[in-house]
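Note sheet for the following structure.
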Amino acid sequence: MLKNEKGFTMIEMMIVLLVISVLLFVTIPNVTSQSNKINSKGCEAFIHMVEGQVEAYKMDGNTEPVSMAALVSNEYLKSEYQQCPDGSTLTIDAEGNVVEEGAGN
């Protein structure tokens, strides 16, 4: 007497694993490339925010900041806001423009 056992066969399980593997191989490279784009866009937005703080510093009657330290010491920026999300550091050049240096370039 054989019992009627229901279940998946080995071939059916292999097909399911193959489909899942193909989907992973397609999606993982796309996710990593999107992560790089997110970091670069995040850094651009962060630079614009720091430029706004430089303008606020100037509008309050201060001279142009020589460095990011002047913005931090006058509480226009917090000390942890001197880096982009991608790890590159921000500096202020002689004209008062915020420039990115380091890891993101």
Qualifying residue in the range 86-93 (condition: out of contact with any Ser or Thr (no Cβ under 8 Å at 6 or more places or on another chain) and acidic (Asp, Glu)): yes
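Condition first: under 27 Å from residue 36 (Cβ atoms) and in contact (Cβ under 8 Å) with a residue 24 or more places away in the chain. Now tell me which residues in the range 55-92 satisfy that.
Of the residues in the range 55-92, the ones under 27 Å from residue 36 (Cβ atoms) are 68, 77-92.
Hits for the range 55-92 are 68, 77, 81, 84, 85, 86, 88, 90, 91, 92.
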Criterion: in contact with a Leu (Cβ under 6 Å, 6 or more places away or on another chain), of a type in the set (Val, Ile, Thr) and modelled with pLDDT of 80 or more - qualifying residue of 98, 16, 26, 72: 98
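The values are calculated or read from the model by the stated rules, or taken from the named source; none is laboratory data. Predicted, not measured: the structure shown is a model, and the values here were computed from it. Using ideal geometry, Cβ is built from the backbone for each residue, glycine included, and neighbour counts are taken over all protein chains shown.
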